[in-house]
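Each reported figure results from applying straightforward, stated rules to the coordinates on display, with no laboratory input. Being a predicted model, the structure only gives us computed values, none of them experimental. Please note: Cβ atoms are built from the backbone with ideal geometry, for glycine as well, and neighbour counts cover all protein chains shown.
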Amino acid sequence: ALLMSLSVTAFAANTTGGSTEVSFNVDPTYTITIPATVELQKKVDGNTVTYENDYTIEAVAGVRLLKNEYIEVTVASDFTMQTTEGATLAYSITAGGNAVANNGVVAEFGTDKNAQSTTIHIAANDPDYAGEYKDTVIFTVAVKTN
C-alpha cells in the first residue's frame with residue numbers, strides 16, 4: 001500500500017493595514033391604497049339631513065424613501081356630484097379636520113416600517129332631488145423633497 005501525503009502552504013502578505021468597501025442598495029418602495037368607491041350614508045341630526053362617510057388612505061407597511069423625501073397625496077375635483085337626470089349637489093372633503101380645495105393635499109407619508117393612514121371625510125347636504133349622485137375624484141401620489 002502506498003501512502004500519500006499532501007501538504008499545502010499558506011502565504012500571507014506582510015502589510016500594515018488596508019481597507020475594504022462594504023455596500024448594499026435599498027431601492028425606494030411604497031404602496032398607497034385608496035378606496036375605489038365611497039358610498040355616502042344618510043345621517044339625520046334633528047331636522048338636519050346630510051350624506052357623509054369616512055374612508056382611509058393607507059401607506060402599506062414598509063415605505064422606504066430617500067432621506068428628506070416624503071409621499072404627498074392630492075385630490076382633484078370640482079366637488080360637485082350629478083345625477084343622470086342633471087341634478088347637481090356640492091360636497092366637501094376634509095382631511096385632518098381641514099377643508100380640502102381642488103388639487104389640495106389630503107395625506108403625507110414618510111419612511112416607516114409600520115403602516116400609516118389618514119382618514120378622509122366626505123359630506124354633502126340633503127339634495128333637493130332624488131337620484132343617484134356621482135362624481136369622480138382624481139388622486140395623485142407623488143414623492144416630494146423637504
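Here are a few things to note about the model shown:
- Per residue, the convex hull spanned by the Cα atoms of the chain amounts to 241 cubic angstrom.
- For a label point 7 Å along the Cα-to-beta-carbon line of Lys42, residues of the stretch 101-142 with backbone N under 18 Å: 123-134
- Here the contact order of the chain, divided by its residue count and restricted to Cα pairs under 8 Å and six or more residues apart, works out to 29 percent.
- Sequence-distant aspartates and glutamates (8 or more away, or on other chains) whose Cα lies within less than 17 Å of Lys144: Asp27, Glu69, Glu72, Glu108, Asp112
- FRET efficiency for Glu21 and Lys113, using Cβ-Cβ distance with R0 set to 25 Å, rounded to 0.05: 0.40
- Look at the dipole of the stretch 9-146 built from charges on Cβ: of Ala124, Asn102, Leu89, the Cα furthest out on the positive end belongs to Asn102.
- Each Lys and Arg Cβ is given +1 and each Asp and Glu Cβ -1; about its Cα centre, the stretch 46-124 then shows a dipole of about 260 debye.
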